[in-house]
Amino acid sequence: MLQVQGLSVAYDGVDAVVDVDLSVPAGEVLAVLGPSGCGKSTLLRAVAGLEPPRTGRVIADGEDVTGVPTHRRGFALMFQDGQLFGHLSVARNVGYPLRLRRRPAAEVAERVDELLRLVGLSGYADRLPSTLSGGEQQRVALARALAVRPRLLLLDEPLSALDAGLRERLAGDLRQILASAGTTAVLVTHDHEEAFAVADRMALLRAGRVVQTGKVADVWRAPADADAALFLGYARVLTGHPAYAVLAAGGLVDAPAVALRRSALRVAGPAEPTRLRGTVLTAAATPELARLQVDVEGIGRLDAVSPAEALPAPGSTVRLVVDPARLAPLPHAERRPA
Amino acid sequence: MNRAGLRRTAGLLALAVVPVAVLAVFFVLPVVGMLGRGLWPGGSFDPSGALEVLTRERTARVLAFTLTTSAAGTAGSLLLGLPTAWVLHRLAVPGARLLRALLLVPFVLPTVVVGVAFRELLGEAGPLGFLGLDGTPVAVVLALVFFNVAVVVRAVGAAWESLDPRPAEAAAALGATPWQVWWTVTLPALRPAVVSAASVVFLFCATAFGVVLTLGGLRYATVETEIYLLTTSLLDLEGAAALSVLQLLVVAVLLGLAQRLRATADPRARRTSPRPRAVRRSDAPALVVTGLALLLAAVPIATLVLGSLRTADGYGLDNYLALQTRGSSGALAVPVTEALAVSLRTAVDATWMSVLLGLLVAVVVTQRSRGRLERTVRSGLDAFFMLPLGVSAVTLGFGLLVTLDSGLLDLRSSPLLVPVAQALVALPLVVRTLAPVLASVDPRQRQAAASLGAGPLRSLLVVDLPVVWKPLLAAAGFAFAVSLGEFGATAFLFREEAPTVPVVIVRLLGRPGEGNYGMALAAAVVLAAVTALVVLAVERLRVPSVGAF
C-alpha cells in the first residue's frame, strides 16, 4: 500500500531522515521504532506531507503522492496527545472529517455512533475533550482518524503520553481496533513494548537511517547489532570468550557476540546438569521471581533469575542454566558497525 | 477569614493604595467633576439640559458618524491586519522584525502629526489629491486604519505566534483544505484575540481626537471632537457632559466585552513557538495585503517628510532652521526647539509616573488570589485601572482643568499636571505590557526560592527581576512615546509658557502663512522621528506583550 523510497528530510541543512526505504502491505501495521531524536516523527510528518522531503518519494497505492498536499493524500494522522479540537464536543470531533467531506448529517451521526462504539466510548458524544482522561482522549482521536476510512493511518507515539497500566491495556485495544477495521498503519514509537503489542512489522530507525526491518518477532529474535539489541530491551551484550561460554552453555553455535535478556540465566534445579557456576552478589525479590546479580566464573557479572520462593543469599554459590529463547546471537562484535 | 488571609488582603490593599489614590484624585475626581458641571448646573440635579442635547439633530449625526467611521476603521484594520499578522508572525519573511517595528510607528505617532500627514497626502496639492478625498469621511477612516493596523497585528500576531500548529496539522491530515483549516481550527483558536483586538480598535477609533479634528474639521465631528467643540468654543458644558456620559457608557460596555473576551491563556501552559514556515506561492494574497498595509503606513510619513523639505524656492532645510523661531507673525509664545525640550522633560516625568504606577498595579492584579473576596477585589481593580483607556482624553483634560482649581488641589499652574494626565493615559498600556509577564512567572519558582531560604526581597531579585526588567524597559519606552504624542488632555492643561510639540503644531496649523505650515510639517517630522526611534529601541527588546491588549 505505502512505499517510501530513498526519503531524506533536512532541517536547516541538517539531515533528520536519511535515505529511508520502507514498504507497508495493505492491512498491515508497521512500527518505526527508535530512540527520541532519531528522526522517526520527522519521517512520519514527511509521509503525511507536513514536511517537504529533500529527496525521495512517497507512493500510496502505486500513485506518487510526494508533491500532494497533506489534505489530499487520504491519510489520517494521530498525534501523541490526540490534538482534539477543544472547542468541539467528542461527537463533533469524530464527525469533523466527515463534515469536511459534506456527508449528510444522518450518515455522519450514524458513523460517529459506530466509531464511538468501536473505541468503547458510547455515551461520551456530548462531552468536551477537556473533561476526558488522557486514555479517553486518545480513543476519541483514534475514532476521528478512522472516521473516513483513511487508506493509511499514521500514529505518532499514540500511547506514550499515558501511564504504564493504561498504555498496556490500550495497546491491546489499538491492535484489535486496527485489525477489525483492516487499517493499514504506520506507528512511530520509542517504546518497544508498544511496537510488539500493536505492529506486525518493525523498522528500527537510528540517526535518521533504517538499520533493520522485518516481522516483529524476527527482529526481536535476531537484532542486527548490539545497539539494536539494547534498544529492544536486551540487558547486556557479551563478546569474545564470555559470549562463547554463554552460547556453549546454552547449546548454541558460536557467534561474535550475544545479547542477553535479564532472564537469560536461571538458577538450576538440584537435578539439572549445568556448566555455569557463580557467586551471588545481590538478590532482590519481586512478586513473580527473584532477580540476581551473579559473578559467573570465567565470565564476570551477569543477571540471573530464580524462583521467588527460593531467594539465594548474597555470597552463596549457585549453579546456572541458560535459556536459549532469551538470548540472541549477534553477527558483529563491535557496537556500531559501519 | 483567618488571620493570614486578612494579612494577605491588607497587603494587597497597601500595594494598591497609591495607584488607587492617584487615579481617584487625577482621574475619577476630574471626570466626575466634569460630569457634575453638566448634570448639576447651578448646584441642583437637572439633567434636562443634558437630555436636550441628546435629542438635537446634530448630536444624532455626530453619533452616527462616530459609529460608522469607527466600524469602518475597525473593519479596515482587521482586513489589513489579519493577513499581515500571519505574514509577519508565522512566515519566514526576511526582515519581519524590522517590518513589525515599522508598523508600530504609526500607532504611537502623535495624532496631530497623522492628521497633518494625511492632509499633506490627500490635499489638493498632494500626491493623491486627484482622488478628491481631502475633507471626506474616507480620509478619516483611512487615517484611523493607518493608526490601528498595528494594534491588530500586535494582538493577533502574538496569539498566532504562540498558537500550537499541531491542531491545524491534525485537521489537514484529516482532509481539511487550507481554507477549511482556517475556518474550523485557526479562527476559533484566534477568536478571543481577534475580538479583543477589534473591540480595542473600535474603542480607539471612537475616541480618536487629533486625527478627526485635523481631518474632519467642523463638518465631520465625532463624539470626542464634539465634546471638545462644545466645551471650548460654545461653552455648552451641559451638552458636553451629556455626550461624555454617553461615551462613557459605550466605552464601559466595550471594555467589559474586551475584558471578557481577552485571551487569558494559562500562563503555566507550555508556549510553543513554531519555526516560521517558508513562503509558498499560495501565500501571495496575504503578501499583497501585507504590502498594502506597509504602504499605508509608509506613504503618509514619506509625504510628510517631503512636505517638510519644501520651501518657497524648491527644497531645503529652511523649515527645520525655522524651528528655532516663534513662527511668522508671532504664532508661538516660545520657539519650537524649546517646546521640544518641554515635550522631552514632560515625557520623562510621565514615564516614571506611569511605570511606577503600572508596576504596582500589575503586581496587584497578577498575584494569585486565594478566596473569592480577594479575586473580586483584584478583578475590580484590574477593570478600574483600565478606565483611562476608554475615557475621552478631552473629558479628562477638561475635568482636570475645572476641578483642580479649588483650595487644596490648586495644581493648575503646576508643571506636573501635564505629566500626570499623560501618565494616566499611558497607564493601561503599561499595565497590559507588564501584567502578562508577571503572571507568567510560575509561583512555584518563588516558593522554591523561599524554601531555599530566600526572603521576599531576595526572591523578588532572583525570580521576578530577571523576567521583568526587559518588559519594564519596554513599557517605559512605550509610555514615553505615548506621552510625546499626547494631545487630547494636554490641549487643556498646557501652560502658555511651556507648550508641548503637538500643541505647537496645532497652533502653527491654525495660523495662516506658508512659513507656519512648513514649520508645522518640520515639527511633525521631528516629533515622529523621536517617537519612531524610541519605538524601534523598544522593539529591539522583543517583548511580545508590548502593544498587545
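A few comments on the model shown:
- Where chain A is the region considered: accessible area per residue in Å², 1.4 Å probe: 44
- Each listed q (0.08, 0.09 Å⁻¹) maps to a log10 I(q)/I(0) for the protein assembly as shown from the Debye sum over equal C-alpha point scatterers, namely -0.87, -1.00.
- Residues in region B:144-168 occluded by at least 50 Å² - accessible area, probe radius 1.4 Å, against chain by itself: B:166
- For chain A, fraction of C-alpha pairs farther apart than 34 Å, in %: 38
- Residues of region B:160-174 with amide N under 20 Å of the 7 Å Cα→Cβ point at residue A:114: B:174
- Amide proton proximity set for residue A:54, modelled H, under 5 Å, gap of 5+: A:8, A:9, A:10
- Shown here for region B:458-508: GluC sites (Glu not before Pro) in loop regions (DSSP other than H, G, I, E, B) with at most 16 other Cβ atoms within 10 Å, namely B:496, B:497.
- Peptide packing for B:450-457, B:469-476, A:251-258 was compared via the average number of neighbouring C-beta atoms within 10 Å per residue; ordered from the highest value, the list is B:469-476, A:251-258, B:450-457.
- Counting only other chain Cβ atoms within 10 Å of each residue's Cβ, the peptide A:91-104 averages 2.
- On the basis of the beta-carbon distance and an R0 of 60 Å, residue B:372 and residue A:63 show a calculated FRET efficiency of 0.45.
- On region A:155-287, 52 percent of the accessible area sits on carbon and sulfur atoms, based on a 1.4 Å probe.
- Quotient of C-alpha Rg and 2.2 N^0.38 Å, computed over region B:27-75: 1.51
- Region B:399-511: relative contact order in percent, alpha carbon pairs under 8 Å with at least 6 residues between: 35
- Computed over chain B: relative contact order in percent, which uses C-alpha pairs under 8 Å that are six or more apart: 23
- Couplings 3J(HN,Hα) of region B:287-303, computed from phi: 5, 5, 4, 4, x, 4, 4, 5, 4, 4, 6, 8, 4, x, 5, 4, 4 Hz, in residue order, whole Hz [Karplus 6.51 cos²θ - 1.76 cosθ + 1.60, θ = phi - 60°; x for Gly and Pro].
- To put it simply, the accessible area of region B:293-343 at a 1.4 Å probe is 67 percent carbon and sulfur.
- Applying 1/(1 + (r/R0)^6) with R0 = 25 Å to the Cβ-Cβ distance of residue B:187 and residue A:105 gives a FRET efficiency near 0.65.
- Where A:96, B:315 fall by accessible area, highest first, once all protein chains stay in place (1.4 Å): B:315, A:96
- With a Förster radius of 56 Å applied to the C-beta separation of residue A:316 and residue A:55, the computed FRET efficiency comes to 0.40.
- Inter-label distance, residue B:79 to residue B:311: 4.3 nm, where each label sits 7 Å from its Cα along the C-beta direction.
- Across region A:230-237, rounded Karplus estimates of 3J(HN,Hα) from the backbone phi angles (6.51 cos²θ - 1.76 cosθ + 1.60, θ = phi - 60°) give 4, 5, 7, x, 6, 8, 8, 10 Hz, Gly and Pro being marked x.
- Using alpha carbons only, the radius of gyration of chain B set against its Kirkwood radius gives Rg/Rh = 0.97.
- Entry note, the protein assembly as shown: the mean residue ellipticity at 222 nm calculated from DSSP H runs of n ≥ 4, each adding -39500 (n - 2.57), is -17500 deg cm²/dmol after division by the residues and rounding to the nearest 500.
- Between residue B:18 and residue A:295, the simple spin-label model (points 7 angstrom out along Cα→Cβ) gives 7.1 nm.
- Here's the picture: charge each Lys and Arg Cβ at +1 and each Asp and Glu Cβ at -1 in the protein assembly as shown, and of B:187, A:327, B:460 the one pushed furthest to the positive end of that dipole is A:327.
- Within region A:60-81, the residues that become at least 30 Å² less accessible when every protein chain is included than when their own chain is isolated (1.4 Å probe; DNA, RNA and ligands ignored) are A:70, A:71, A:77, A:79.
- Amide H contacts of residue B:91 (H built 1.01 Å from N, under 5 Å, at least 5 apart or other chain): B:277
- Annotation note: chymotrypsin sites (Phe, Trp or Tyr not before Pro) in region A:19-119 located in DSSP loop regions with a Cβ neighbour count of at most 15 within 10 Å are absent.
- Along chain B, longest interval not containing exposed trypsin sites (Lys or Arg not before Pro), exposed being DSSP loop plus at most 13 other Cβ atoms within 10 Å: B:371-541
- Accessible area (Å², per residue) of region B:44-134, counting only protein heavy atoms and a probe of 1.4 Å: 43
- When every Cα-Cα distance of region B:1-104 is counted in 10 angstrom steps from zero, the calculated P(r) takes the values 11, 16, 17, 22, 24, 9, 0 percent.
- Close amide H pairs (under 5 Å, H built 1.01 Å from N) link residue A:206 with A:211, residues at least 5 positions away or on another chain.
- Within region B:83-178, the GluC sites (Glu not before Pro) that combine a DSSP coil assignment with at most 16 other C-beta atoms in a 10 angstrom radius are B:124.
- Partner chain coverage, peptide A:144-150 - average Cβ within 10 angstrom: 2
- Peptides ranked, highest mean first, by Cβ atoms within 10 Å: ranges A:172-185, A:20-33: A:20-33, A:172-185
- Here the accessible area of region A:1-92 is 46 percent carbon and sulfur, with a 1.4 angstrom probe and all protein chains present.
- For region B:91-108, 3J(HN,Hα) per residue [Karplus equation, 6.51 cos²θ - 1.76 cosθ + 1.60, θ = phi - 60°, Hz, x = Gly/Pro]: 9, 7, 9, x, x, 4, 5, 5, 5, 4, 5, 5, 5, 6, 4, x, 4, 9
- Accessible area buried between chains A and B, both sides summed, probe 1.4 Å, in Å² to nearest 100: 1700
The values are calculated or read from the model by the stated rules, or taken from the named source; none is laboratory data. The shown structure was predicted, so the numbers you read here are calculated from the model rather than taken from an experiment. All Cβ positions, glycine included, derive from the backbone under ideal geometry; neighbour counts span all protein chains shown. Quick note on the areas: whole protein, heavy atoms, side chains included, nothing else; ligands and nucleic acids left out. Shrake-Rupley method; radii C 1.70, N 1.55, O 1.52, S 1.80 Å.
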